[in-house]
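> I'd like to ask you about the structure that follows.
Read-outs: derived from the displayed coordinates by stated rules, not from any lab. Values in this document were obtained by computation on a predicted structure and should not be read as measured data. Virtual Cβ from ideal backbone geometry, glycine too; neighbours counted across all protein chains shown.
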Amino acid sequence: MSGKESFKILNKIFEPKIKKEKEEIKGYTIKYGYIVENDEIIDEVLVTYFKEPKSYTTENMCEINSHGGMIVLRKILEMCLKNGAELAQPGEFTKRAFLNGRIDLLQAESVIDIIEAKSEKEAKAGIKQLKGSLSEKIAEIKQNILDIMVNIEVSIDYPEYDVEDVTNSQILKMLEQVENKLLKLEKSFDNGKIIKEGIKTAILGKPNAGKSSLLNNILKEERAIVTEYEGTTRDTIEEFVTINGIPLKLIDTAGIRQAKDEVEKIGIAKSKEIAKEADLILAIFDSTKELTEEDFEILELMQNKKAIIILNKIDLQPILTEENNKLLRKNKCPIISISAVKDIGIEKLYKEIEKLFNLNEIKLDQDIVITNIRHKNLITKAIENVKKTKETINSGMPIDVIAIFIKDILEDLGKITGETVSEDIINEIFSKFCLGK
Ligand code: GDP
């Protein structure tokens with residue numbers, strides 16, 4: 001429970017073992033006792049106390065730890081509600097922490113990222129954001145903009161000094177610095193998106209090349225955490241795996257499996273569709289067979305895409321090899337040889353993926369990475385407004401007009417940290433949380 005009345009409500013249902021302790025409440029302490037209704041003990045519990053302002057929400061808070069189990073939990077919850085508590089909305093505790101000013105919106109959003117993290121990297125990015133690194137960066141940029149405002153105010157207040165020319169070039173320079181910082185943040189989203197959503201990966205190949213064997217090999221990997229998702233199109237399943245820290249979102253894995261039982265295997269039209277959606281194509285070829293028309297069509301799909309050519313079944317007698325096949329080499333993708341069934345070369349495959357996406361370059365300890373599309377969009381908007389401001393200066397507009405544009409940049413940044421954001425957006429953000437967070 002959180003809020004002014006929480007200790008009062010608690011006292012109506014909780015009897016500490018040491019009776020005289022009942023009224024005396026200290027923060028960061030735990031009391032042992034019983035939840036009691038009409039002199040009947042409902043459960044033996046521990047209650048943790050947090051006194052305002054030193055709590056998650058900055059309000060008085062207490063947590064009842066019971067033995068668990070549906071009956072007792074429900075009963076205690078009912079008793080709290082009967083005595084005046086209200087059921088929390090999704091994310092309400094974190095929302096209160098935000099509204100009461102303990103954390104900003106960026107930090108609140110990182111809580112949900114941490115809870116929903118599917119990989120270590122993603123959780124790490126969330127923790128970093130919770131600790132405030134992105135908030136600090138945004139604050140720094142805002143300060144830069146305020147400095148620009150000061151320069152502008154000076155020339156508005158003392159027009160007789162005719163400092164405008166000097167000021168304009170100075171403001172332009174300062175705006176450029178702001179723009180560069182924002183561009184760097186915007187760019188970090190390329191990696192942030194991968195961290196959050198995984199590399200959208202399609203496994204393509206003609207029937208019997210070894211797609212499902214490769215899929216199974218990837219999924220059975222000991223260190224892989226597999227989460228199944230409904231795909232964007234009906235009847236498709238997407239599986240999220242993290243291997244050696246590489247987050248992969250395998251698309252249309254159901255398609256690969258289903259194709260087994262169907263007379264008609266996945267056609268080239270469907271492959272085209274999947275390829276279009278993918279960030280990465282793993283094209284698998286049976287190395288014991290000559291390339292056919294279908295293989296060439298698949299090679300065609302890989303043009304202008306991040307892709308890896310996989311020659312499978314090298315445990316047999318391969319006739320296609322990395323070295324001697326001119327057709328494959330004409331394609332600029334990396335080529336590797338594996339055996340999906342005998343588990344040869346799979347590590348090499350992961351290394352190639354790592355190389356293609358520069359995953360080792362993401363240094364979460366040093367760099368700030370934007371992982372949230374809401375933040376990314378606002379940064380993009382701020383960049384546009386910086387550009388507009390620069391144009392306005394260059395077109396010789398009066399300095400007080402420029403000030404208006406600069407305020408827009410501040411507002412965009414304020415929306416990221418939550419200072420200037422509307423209530424609707426706040427409600428939408430917290431509605432994605434689960435209960436009790
Ligand atoms: P898909 O139709 O592309 O999904 O192909 P499968 O994964 O079902 O493989 C087709 C056949 O090739 C199966 O009988 C597999 O056991 C076999 N196969 C797949 N990969 C290998 C491999 O690396 N070595 C050998 N010897 N057989 C393989």
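> Describe numerically, in nm with one decimal, the distance between label points set 7 Å from Cα along Cα→Cβ at Asn180 and at Asp147.
1.2
> Summarise the long-distance tail of P(r) for region 88-146 by giving the % of C-alpha pairs beyond 19 Å.
Result for the distance tail: 37 percent.
> Dividing the alpha-carbon Rg of region 1-68 by 2.2 N^0.38 Å yields what?
Relative to the rule-of-thumb radius for its length, region 1-68 sits at 1.05.
> I would also like to ask the following. Taking the alpha-carbon centroid of each part, what is the distance from region 318-348 to region 378-437 in angstrom?
49
> Using the charge dipole of the chain (Lys, Arg: +1 at Cβ; Asp, Glu: -1 at Cβ; taken about the Cα centre), state which of Thr201, Ser422, Cys80 has its Cα farthest towards the positive end.
Going by the charge dipole, the pick is Thr201.
> Shifting gears a bit: Given the chain, what whole percent of its Cα pairs are spread farther than 38 Å?
47
> While we're on this one: In debye, nearest 20: dipole of the chain around its Cα centre with unit charges on the Cβ of K, R (+) and D, E (-)?
1060
> If you average the sequence gap of Cα pairs under 8 Å that are 6 or more apart and divide by the length of the chain, what percent do you get for the contact order?
16
> So what is Rg over Rh here for region 79-218, counting just Cα atoms and using Kirkwood for Rh?
For region 79-218, the value is 1.22.
> What are the membrane-span-like helices in the chain by this rule: whole DSSP H runs, Cα extent along the axis at least 20 Å, mean Kyte-Doolittle hydropathy at least 0.0?
Counting only whole DSSP H runs, the qualifying helices are 133-157, 399-417.
> Cross-link partners among lysines for Lys12, C-alpha distance below 26 Å, same-chain residues fewer than 8 apart left out?
Lys4, Lys20, Lys22, Lys26, Lys31, Lys51, Lys54, Lys75, Lys82, Lys437
> Would you mind telling me which residue in Leu280, Leu77, Leu134 has the biggest mean-square fluctuation in a Gaussian network model of the chain, where springs connect alpha carbons within a distance under 10 angstrom?
Leu77
> Looking at the square roots a ≥ b ≥ c of the eigenvalues of the Cα gyration tensor of region 12-164, which shape do they give, rounded for a/c under 1.5, prolate if a/b is larger than b/c, or oblate?
Prolate, since a/c reaches 1.5 and a/b exceeds b/c.
> Largest first and in whole Å, give the semi-axes of region 289-437's equivalent ellipsoid, each being the square root of 5 times a Cα gyration tensor eigenvalue.
They are 51, 23, 14 Å, listed largest first.
> Here is a further query. Separation of region 93-123 and region 1-22 by C-alpha centroid, Å?
Here the two parts' Cα centres lie 29 Å apart.
> Distance in nm between label sites at Ser431 and Glu86, each 7 Å beyond Cα in the beta-carbon direction?
Distance between label points: 1.8 nm.
> A further question on this structure: Expected output is a single nm value to one decimal: the length gained when fully extending between Met397 and Leu219, i.e. 0.36 nm times separation in residues minus the C-alpha distance. What is it?
58.0 nm
> So which residue, out of Thr167, Thr292, Thr48, gets the largest mean-square fluctuation from a GNM of the chain using Cα contacts under 10 Å as springs?
Greatest mean-square fluctuation among the candidates belongs to Thr292.
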